[in-house]
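To keep things clear, I will list the structure first and then write my remarks on it.
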Amino acid sequence: ELTQLRVGLGERSYDIVIGPGLLAEAGTRIAALRPGARVGIVTDRNVADRHLGTVEAALGEAGLTPTPVIVEPGEKSKCFAVFEQVVDALLAARIERGDLVLALGGGVVGDLAGFAAAALRRGVDFVQAPTSLLAQVDSSVGGKTGINSRHGKNLVGAFHQPILVLADTGALDTLPLREFRSGYAEVAKYGLIDNAPFFAWLERKWEAVFGGGPARIEAIATSCASKAAVVSRDEKETGDRALLNLGHTFGHALEAGAGFSQRLLHGEAVAVGMAQAFRFSAAQGLCAPADAERVETHLRTVGLPTRIADIPGELPDTDGLMGLIGQDKKVSRGALTFILARGIGQSFIARDVDPAEVRAFLEGER
Ligand code: NAD
Ligand code: ZN
């Protein structure tokens, strides 16, 4: 029932294991790599309440020495103050070279714990045990770690690859539906980027993916394999790793416009952004309008938003959104860089998008 993939990065290559029951196997799997190690388990309170006991027991039985470090749930924990607390707690637990940091949680815990591992004693090994769908298909793979600054999200961090990723698909049973749906937007993204058969499969099987069981494992494995392949080709995002930003230029502007709040989760913003990227591509004559409609229909079917009007509360006007798009790091000089599409599974990097065309498109969207 387990799927195993490998991220190929020379001597820093690592395995991603996907399937149910992996948190209970964390001890034997980690002990096989670092026998007798001390393990600082960074997690948040929500995940600790549900899964920490399983992991602590598994590590103890395998002869490892676990120390939990529990932070508050939510994006606010990706900050300097909590980073300092985590690093101090790991030092107090005497985590040294040869020991490990285990990130047990969603993308917030993964980014925070990974950055703590990168900085602690100039780098200790770390293992990702992602427990949200978003973390399992996206943030736990690829080695980007970091925290937010008052100047913006993810502005302080490091590339630090894990030595192992354990994606326990059973842990998703305790994830709130809205969080699952938000992570599903990133799953659909992999189909839309370059895997049309996968998107068609999702259109048929999405209910089984939401329900759990083999279809869920398959969807996560396919998504991880896509991300792992891109990361193996382009670790530091100089080339086609940028394709992973499909839906994220519009999406980030909306997320920022909503103040990065619970009003609009990341994957919800990406869902609107992907639908917009396809509508914009259709408006530019790049892709068939029927493809843009198909994208929108599927996202709406699973309960994701696809239009600005679907987002509750006030958002900036078109000029405000253009300003936020301009602040996006995917901008170079006057022209905007967008991920656009010639069809489902045919996304490409467009480096010379005219801001006036984007503005006219957004104006027409409201
Ligand atoms: P999150 O970590 O805040 O998790 C979402 C919520 O679900 C939290 O309340 C968490 O406590 C809860 N949760 C997680 N697993 C659970 C479980 N099994 N049962 C019950 N509750 C559970 O958010 P996220 O969506 O997982 O990740 C978002 C973060 O990931 C953002 O900070 C984003 O910047 C980052 N990210 C990083 C990368 C990367 O490449 N490093 C990529 C994408 C996103
Ligand atoms: Zn994303």
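The values are calculated or read from the model by the stated rules, or taken from the named source; none is laboratory data. Fair warning: this is a prediction, and the values are worked out from it, not measured in the lab. Glycine also receives a Cβ, built like all others from the backbone with ideal geometry; neighbour counts cover every protein chain displayed. With ligands, DNA and RNA removed, areas are computed over all heavy atoms of the protein, side chains included. Shrake-Rupley method; radii C 1.70, N 1.55, O 1.52, S 1.80 Å.
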Counted residues in region 259-297 being open to solvent by 10 Å² or more (accessible area, probe 1.4 Å), touching a residue at least 40 places away in the same chain (Cβ under 8 Å) and within 23 Å of the chain's Cα centre (by Cα) come to 5
If we scan region 174-181, do we find a residue that is β-branched (Val, Ile, Thr), away from ligand 2 (no atom under 16 Å from the Cβ) and over 19 Å from Gly343 (Cα atoms)? yes
Any idea which residue in region 221-257 is surrounded by the most Cβ atoms within 10 Å (Cβ to Cβ), counting only those that are at pLDDT below 95, assigned to a loop (DSSP other than H, G, I, E, B) and within 15 Å of ligand 1 (Cβ to nearest atom)? Glu235
Looking only at region 71-106, count how many residues are without any contact (Cβ under 8 Å) to a residue 40 or more places away in the chain and not hydrophobic (A, V, I, L, M, F, W, C). 9
Residues to consider are Leu164, Leu134, Leu155; find the one that is modelled with pLDDT of 95 or more and within 13 Å of ligand 1 (Cβ to nearest atom). Leu134
Tell me, please, whether a residue that is under 25 Å from Ala200 (Cβ atoms), among the β-branched types (Val, Ile, Thr) and not in a loop (DSSP other than H, G, I, E, B) can be found in region 338-355. yes
Test Ala57 against the stated conditions and say whether it is open to solvent by 20 Å² or more (accessible area, probe 1.4 Å), more than 16 Å from ligand 2 (Cβ to nearest atom), in a helix (DSSP H, G or I) and more than 27 Å from Val187 (Cα to Cα). yes
Show the residue pairs meeting these rules: Cβ distance below 9 Å; 6+ apart or different chains; first residue within region 176-193 and free of Cβ contacts under 8 Å to residues at least 60 places away in the same chain and more than 15 Å from Val295 (Cα to Cα); second residue open to solvent by 10 Å² or more (accessible area, probe 1.4 Å) and more than 14 Å from ligand 2 (Cβ to nearest atom). Leu177/Phe210; Leu177/Gly303; Phe180/Phe210
Does Ala215 satisfy the criteria of being of a type in the set (Gly, Ala, Ser), at pLDDT 95 or above and either within 16 Å of ligand 2 (Cβ to nearest atom) or not in a helix (DSSP H, G or I) (or both)? no
